[in-house]
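Enquirer: One structure is given below, represented as structure tokens, and several questions about it will come after.
The values are calculated or read from the model by the stated rules, or taken from the named source; none is laboratory data. Computed from a prediction, not measured in an experiment: that's the story for all the values here. Cβ coordinates were reconstructed from backbone atoms using ideal geometry, including for glycine residues, and neighbour counts include every protein chain displayed. Surface accessibility is based on the protein's heavy atoms, side chains included, excluding ligands, DNA and RNA. Shrake-Rupley method; radii C 1.70, N 1.55, O 1.52, S 1.80 Å.
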Amino acid sequence: MIMLVSGFLLVLIGIWAMLTRKNIIRIIIGFSILDTGIHLIIVAVGFVKGGTAPILDNALLRVPTSVDLSAAVSRVVDPLPSALVLTAIVIGLAVTALLLSFAIRLHKYGRSLDIDVYEEQKW
Amino acid sequence: MIKYILIFIALVGLAWLLWPLTKDFSTPEQLNSIASQYVSGSVTDLNSPNVVTSIVVTYRGLDTLGEVTVLFLATAGVGFLLKKKSGSRSQRRDGSEILQSGAGFLAPLIMLFGVYVFTHGHLSPGGGFQGGVLIASGVLLMVMASTSFRFSHLLIQLTESLSGIAYVIIAILGVILLGANHFLDPRILPLGNWLSLFSAGAIPVIYSFLGLKVGAELSAVIESLSADGGEE
């Protein structure tokens, strides 16, 4: 619950930063904050009370076969949101790199990182 | 001024939209049916202890194929935007003595750890994406330490495209060997013993190719950012 609320707060902070800041680098930082907030929300949705990581090693199963499987199932968190976040983090990294290279390209063109300088670039 | 009021209204509206999602949410006491299906299926069908890995590679394998494509597109975009002009040398300085010695010692270990993480993705926390990022961080350490550090672009491109092709070939092998509903099925290889390295069918193989692909792509991103990022 606390994770969910803080995730939504991070989303709002990120959108606020993207809308109000003038510096392109700060806009990208706002995007990163938004990204992190979304990851927190997805992870919070998948949490199960008293659950642990969904890795069924022998400490969780106690026997190396699937005899005690139903007991293990009741003790892990939902694995699907974790799998989604796992890929989303790497994609977020690549998208941030793409945004930064846009910023580098703009800075080479206009010698400035202020978004207002590029107002005539709309098309 | 009017702009800030509009932004404030937009944020309040968004918070008002998100509030019902938070208010009515309560942490569940037990897994929903599809999640417990995944957990028990990962043990009984795939012989893989790490349920997250079996979801990423098998149950949602098609999604992962799409994510790899997104990653490739982002990398291609970075490479396209930061094309290297001939003759322009960046003004970066070499790293300090400490950084250079430390990188020479640590970078091979970090890359080896990355390989360990993606080959053991089905047994322990980790997998192709994390191992690939670890390899790329080793490359980042080398790039930071020395301006003369270069690696072969041909090697990176070959690694990336060959592992992508191998991933798709393994996926299609499932269709050929096991039938039409088995795209990306890892059971084309024997399932092996519980908690051993060569178990869970083709999951370690697929994850190793994924790790190589992600590592090569992110290394290419770091290389183009470092070559073109400095001030002229």
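Enquirer: Identify all aspartates and glutamates with a Cα-Cα distance to B:Lys83 below 13 Å; exclude those on the same chain that are fewer than 8 residues away in sequence.
Expert: Excluding near neighbours in sequence, the set is B:Glu223, B:Asp228.
Enquirer: Using a 1.4 angstrom probe and counting only protein chains, how large is the accessible area of A:Leu9 in Å², to 10?
Expert: Near enough 100 Å² of accessible area.
Enquirer: Quick one: putting +1 on the C-beta of Lys and Arg, -1 on the C-beta of Asp and Glu, what dipole do you get for segment B:2-225 around its Cα centre, in Debye to the nearest 20?
Expert: 840
Enquirer: Under 5 Å between amide hydrogens, which residues at least 5 positions from A:Val76 or on another chain qualify, with H placed 1.01 Å from N in the peptide plane?
Expert: Here the answer is A:Thr52, since their amide H atoms fall under 5 Å of that of A:Val76.
Enquirer: Mean-square fluctuation check for chain B, GNM, Cα pairs under 10 Å: which of B:Ile34, B:Ile176, B:Ile135 is largest?
Expert: B:Ile34
Enquirer: So how tilted is helix A:24-45 from the main axis of chain A? Cα-based, degrees 0 to 90, rounded to 10.
Expert: Compared with the principal axis, the helix lies near 20 degrees.
Enquirer: Residue by residue through B:129-137, how many Cβ atoms from other chains fall within 10 Å of the Cβ on average?
Expert: 2
Enquirer: Another question, if that's okay. Over the Cα atoms of segment B:143-223, what is the Rg over Rh ratio if Rh follows Kirkwood?
Expert: Answer for segment B:143-223: 1.14.
Enquirer: From largest accessible area down, sort B:Lys213, B:Lys23; use a 1.4 Å probe on the protein chains.
Expert: B:Lys23, B:Lys213
Enquirer: What are the ³J(HN,Hα) couplings of segment B:28-34, residue after residue, when phi is run through the Karplus curve with 6.51, -1.76, 1.60 and θ = phi - 60°? Round to Hz, x for glycine and proline.
Expert: Using θ = phi - 60°, the values come out as x, 7, 9, 5, 6, 5, 5 Hz.
Enquirer: What number comes out for the charge environment of A:Ile29, summing +1 per Lys or Arg and -1 per Asp or Glu over other residues with Cβ under 11 Å away?
Expert: So the surrounding residues net to +1.
Enquirer: Around B:Val133, with a cut-off of 14 angstrom between Cβ atoms, what is the net charge of the other residues, counting Lys and Arg +1 and Asp and Glu -1?
Expert: Local net charge: -1.
Enquirer: Could you work out the relative contact order of segment B:2-225, using alpha carbon pairs under 8 angstrom and six or more residues apart, expressed as a whole percent?
Expert: Relative contact order, segment B:2-225: 26 percent.
Enquirer: Okay, moving on. Show that you can apply the helix-only estimate: for chain B, add -39,500 (n - 2.57) for every DSSP H stretch of four or more residues, divide by all residues, and state [θ] at 222 nm to the nearest 500.
Expert: -22500 deg cm²/dmol
Enquirer: Using the Cα gyration tensor of chain A, with a ≥ b ≥ c the square roots of its eigenvalues, what is the shape: rounded (a/c below 1.5), prolate (a/b larger than b/c) or oblate (neither)?
Expert: prolate
Enquirer: Separate question: Highest GNM mean-square fluctuation, chain B, Cα pairs closer than 10 Å: which of B:Gln130, B:Gln30, B:Gln100?
Expert: Per the Cα network of chain B with a 10 Å cutoff, B:Gln30 tops the list.
Enquirer: Based on the Kirkwood radius over alpha-carbon pairs, what value in µm²/s does the Stokes-Einstein equation return for the translational diffusion coefficient of chain B at 10 °C and 1.306 mPa s?
Expert: In µm²/s, the coefficient rounds to 77.
Enquirer: For A:Lys22, go through the aspartates and glutamates and keep the ones whose alpha-carbon is under 18 Å away, minus same-chain ones fewer than eight residues off.
Expert: Answer for A:Lys22, where 18 Å is the Cα cut-off: A:Asp114, A:Asp116, A:Glu119, A:Glu120, listed by chain and number.
Enquirer: Moving on to the next point. Which of rounded, prolate, oblate describes the protein assembly as shown, given a ≥ b ≥ c as roots of the alpha-carbon gyration tensor eigenvalues and a/c under 1.5 marking rounded, otherwise prolate only if a/b is larger than b/c?
Expert: Oblate, because a/c is 1.5 or more while a/b does not exceed b/c.
Enquirer: Can you tell me how segment B:1-137 classifies by the Cα gyration tensor, rounded, prolate or oblate, using a/c under 1.5 as the rounded cut?
Expert: Verdict is oblate for segment B:1-137.
Enquirer: Within a Cβ distance under 11 Å of B:Val68, other residues only, what is the Lys/Arg minus Asp/Glu net charge?
Expert: Here the charged neighbours net out to -3.
Enquirer: Could you let me know the centre-to-centre spacing of segment B:9-31 and segment A:73-92, using Cα atoms, in angstrom?
Expert: Comparing the Cα centres of segment B:9-31 and segment A:73-92, I get a distance of 20 Å.
Enquirer: Let me ask something else about it. Sum -39500 (n - 2.57) across every DSSP H segment of at least 4 residues in chain A, then divide by the residue count to get the 222 nm mean residue ellipticity, nearest 500.
Expert: -22000 deg cm²/dmol
Enquirer: Summarise the partner chain shielding of B:65-78 as one whole number: the mean count of Cβ atoms from other chains within 10 Å of each residue's Cβ.
Expert: 4
Enquirer: Under the rule of at least 5 residues apart or a separate chain, name every residue whose amide H is placed under 5 Å from the amide H of B:Gly95.
Expert: HN-HN under 5 Å from B:Gly95: B:Ser146, B:Thr147.
Enquirer: A further question on this structure: Round to the nearest 10 and give me the degree value, 0 to 90, for the angle of helix A:2-20's Cα axis relative to the longest principal axis of chain A.
Expert: Around 10 degrees separate the two axes.
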